Each structure stands twice: as C-alpha cells, then as structure tokens.
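Right, one structure below, let's go through it.
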Amino acid sequence: MEVYFDNAATSYPKPDVVYDKMSEFFKNNGVSAGRGAYQKAFQAEQAIYNTRKSLAQLFNIADPTRIVFTHNITEAINLALKGLLKRNDHVITTSLEHNAIWRPLKELERDRGIEITKIECDSSGQIGIDKIKNAIKDNTKLIACLHASNVVGTILPIARMGEIANEAGIHFLLDTAQTAGVYPIDVKKMNIDLLAFTGHKGLLGPTGTGGLYIKEGIDLKPLKEGGTGNNSTSEYAPKELPNRYEAGTINTVGLIGLGAGVNYILEQGVEKIREKEVRLIDYALTKLSKVNGVILYGDKNVQKRVGVISFNLEGLDHADVAYKLDSEYNIMVRSGLHCAPNAHKTIGSFALGGTVRMGIGYFNTKEEINYLIKALKEMERMEE
Ligand SMILES: Cc1ncc(COP(=O)(O)O)c(C=O)c1O
C-alpha cells in the first residue's frame, strides 16, 4: 500500500479530468494564449478566460479579469506586498505565517523601511481579534495573513479580520494556500481586497499555477514588465488587467489543468469537500490521540481546522519518524519546519526542530489513516 499524506505541500492525485484536459489541450491545441490572431490562439485565450471565470465563481469575484495569473501563491504574495507597500507603511500580520508572507515582509522592512507588527497567536494557533484592532495606527496600510496554518491547520477568523480592515480603511491580503478549494471563500462577504491562491494544492491543478485577485481601485506596481501581446507600441506596461501583471508567455497548459480542477470542485461543491475533510480530520485526530507518546498540536475543535495535522512522538525525532514511515511503510508525510518557523515558536515545537506533518486531502480514506496509525504504534513499541 502506498499512502500520500502530503497534500498540504501539493495535492496528489488530481482528478482524472485534470490530466485529461491538459493532455488534450497540449496535443490538440498547444498554442500560446493571447498572442496570435488565428483560431487556435482564440480558442486558447477563451480556455484561459474560462479558468478565470471558474475561479471568479469559486471566490465570488464579480469581474474575472481582476484575477491575474502567477506561477504560484509565493509570486502572487510578492506581487501584492511589493506592488503595494511604500516606505514607512505599516503592516499587521500573524505569528503563524509561512515564509511566503514573512520573508517578503522582512525584505521590505530592511530595504524599504516598512514597519511590521506580528500578532502572536496562542499555542493552538488562535488569534485574539482585539489585538489586531489595537495594532492599527495612522500609517497602517495592510493586514496580511494566511487563512489557515500550514503547520497546525488552524483557521483564522478572517471574515472578522476583513471587517476590521474595511472599517479602518486599510487593505486586507489573504494567503489561501491551505483553504482555496477546501473551505468556502467569498471575497465580498469576507472583505478580501487581495486574494492570493496557489493552483496545485486544494484547487487540484498542476504545479506552476497560481494567482492574485486584485479588487477594483487597487493599483499594484507590477513585479515584472515585458511583452503582453497587446499595446505593443507603448514602452510601458499596459494599465488594463490581467495583461498589466501577466508579462511573458503564460503557463497555458497548466492553467487549463487548473480550470479543470476548479470545475471539478464546483461540481462536487466546496461544502461537500469540506464535510468529507472534516470527517477525515476528526477520525485522524481521534486515532492519533490514542497512540502512546503522541504530542498533538493545534485546536481540538475540528471545525476550526483544515486537514493539516502536526504531531511528534516522544523520544523520536520527527525526521526519523517521516523517514521510517516512507522507507518501511510507503507512507509520505513531511517533517521539519514546513517553511513557517514562527508558527513552530507559537505552538512550542521550534526547539524540537519542527513536527511530523500529515496533510489530508479529498482523496484520502479512513483505511489509509488506520494504516498510518498501525505504523506509528509499531514504531512506538520498538522504542519501548
Ligand atoms: C500557507 C502557505 N502559504 C504559502 C505557501 C507557498 O505555496 P507555493 O509554494 O505554491 O507558492 C504554502 C505552501 O507551501 C502555504 O502552506
């Protein structure tokens, strides 16, 4: 039996329709979108627009052209932060952040003199909403945070955070790497001004895809300039979206796959996907809590988490556990800091060098969880 529990890194497998649509497009069309004036180029452009439309439906975005494609969420977050923040701007973020937010902020602090307030979450990953409110100052420009932690799975109260940002007249940037496709997201209801997504995790698309929704009225400085296939006489980047932010040939085949992944999600329904994941998270947490010597991190309430479970086994190194699971049982998990060192300081696993992380996905089963538990119990017995 081969078991993949690293869906927090990237989802695998994808629905068959994703492989099929990519292969079909690559073989039968395969041309660049938004460049040529021949039929196949128009078809490719339409197919890319359809991916924008599906994403707009998923996130309740009125105008699909406000979604710009990037290669992953890291690039989307860099575009948002570097395109928005100027000298002396103040940003509020959290102690759970992935390096995708934390590192660009630190670079901007060093190079552009921006100011960062990092709100400390409690050891389960929960945030005190008043702390955010109290951190807002005259020069606060942005609240930037993840929707759910990629270390403990804790879901932040982002509707409330969006409301606070809106009331204060500042912007709200959300990193949806661990929630897009597996948890309902509505940019209007949640007051999200900048929504960053990655295509290859819960959205079930291939790697090399992601993007940013930019609310009307927000102008970001592009990360890159170059050919866009239009306005070629101008020596500067065009003003209109999405071309303003999509210089260079886009990942057409990947974005066709992303469209297929998002359509699959829309057909299944995010609520149904979430319900199934909650059942699996609940089952895994209950079973894991019965393994001798297990240290489980995060909120005990499954409704407040996504399918990311961090744990350690007393007396065993997380890297050894992950290595044994792979080499002796064919079970794939992650170990270490998961690109979020501050999150480990928050939950108390930094001194241990991190955790074993189980990333549950839509296609995992209870049988696979049982197999993991059996393996962990065997490892524990060997230690005794
Ligand atoms: C919360 C969070 N943000 C950002 C990222 C970065 O994603 P990507 O590598 O697709 O840019 C990840 C995934 O690793 C993540 O879990």
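Using the per-residue mean of other Cβ atoms lying within 10 Å as a proxy for protection, in what order, highest first, do the peptides 301-307, 356-362, 223-229, 247-253 fall?
Numbers: 301-307: 19.7, 356-362: 24.7, 223-229: 14.4, 247-253: 18.1.
Final packing ranking: 356-362, 301-307, 247-253, 223-229.
Quick one: putting +1 on the C-beta of Lys and Arg, -1 on the C-beta of Asp and Glu, what dipole do you get for segment 187-344 around its Cα centre, in Debye to the nearest 20? Write out the running numbers ahead of the final one.
On the way: 19 positive and 18 negative charges, 97 e Å.
The dipole of segment 187-344 has a size of about 460 debye.
Of all the accessible heavy-atom surface of segment 144-271, with the other protein chains kept in place and a 1.4 Å probe, what percent is carbon and sulfur?
48
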As a percent rounded to 5, the proportion of antiparallel DSSP bridges among beta bridges in segment 54-175 is 5
What residues have an amide H closer than 5 Å to that of residue 6, excluding those fewer than 5 places away on the same chain, when H is modeled at 1.01 Å from N in the peptide plane?
-> 359
Would you calculate a helix-derived [θ] at 222 nm for the chain, using -39,500 (n - 2.57) for each DSSP H run of n ≥ 4 and dividing by the full residue count, to the nearest 500?
-> -12500 deg cm²/dmol
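In what order, largest first, do 112, 381, 274 sit by accessible area if the probe radius is 1.4 Å? Don't skip to the answer; put the middle values down first.
Values: 112 75, 381 145, 274 25 Å².
The most accessible residue leads, giving 381, 112, 274.
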Residues with amide H under 5 Å from that of residue 140, placed H, sequence gap 5 or more = 90
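Local charge sum around residue 31 (other residues, Cβ-Cβ under 13 Å, Lys/Arg +1, Asp/Glu -1)? Let's see the in-between values first.
Numbers: positive: 27, 35, 40; negative: 45.
Taking every Cβ under 13 Å from that of residue 31, the sum is +2.
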Expressed as a rounded percentage, what relative contact order does the chain have, with Cα pairs under 8 Å and six or more residues apart?
-> 25
For segment 196-231 and segment 123-142, what is the separation of their C-alpha centers, rounded to whole Å?
-> 27
When DSSP beta bridges are limited to those with both residues in the chain, what percentage is antiparallel, rounded to the nearest 5?
-> 50
Among 14, 324, 27, what's the order by accessible area (1.4 angstrom probe), most exposed first?
-> 27, 324, 14
Taking a cut-off of 21 Å between Cα atoms, list the lysines near residue 377, but don't count ones fewer than 8 places away on the same chain.
-> 287, 290, 324, 366
Using the alpha-carbon centroid of each, what span in Å lies between segment 1-42 and segment 337-384?
-> 31
The ³J(HN,Hα) series, computed from each phi in segment 226-240 with the Karplus coefficients 6.51, -1.76 and 1.60 at θ = phi - 60°, rounded to the nearest Hz and given as x for glycine or proline, is x, x, 10, x, 9, 6, 5, 6, 6, 8, 10, 4, x, 7, 7
How do 368, 275, 97 stack up against each other in accessible area, from largest to smallest, with a 1.4 angstrom probe?
-> 275, 368, 97
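Heavy-atom accessible area per residue, segment 16-268, 1.4 Å probe: how many Å²? Could you put the intermediate results ahead of the total?
Details: 10560 Å² over 253 residues.
Using a 1.4 Å probe on heavy atoms only, each residue of segment 16-268 averages 42 Å².
The values are calculated or read from the model by the stated rules, or taken from the named source; none is laboratory data. Nothing here was measured: the structure is a model prediction, and the numbers come from that model. Don't worry about glycine lacking a Cβ; one is built from the backbone with ideal geometry, like all the others, and counts go over all protein chains shown. The area values use the complete protein model at the heavy-atom level, side chains included, leaving out ligands, DNA and RNA. Shrake-Rupley method; radii C 1.70, N 1.55, O 1.52, S 1.80 Å.
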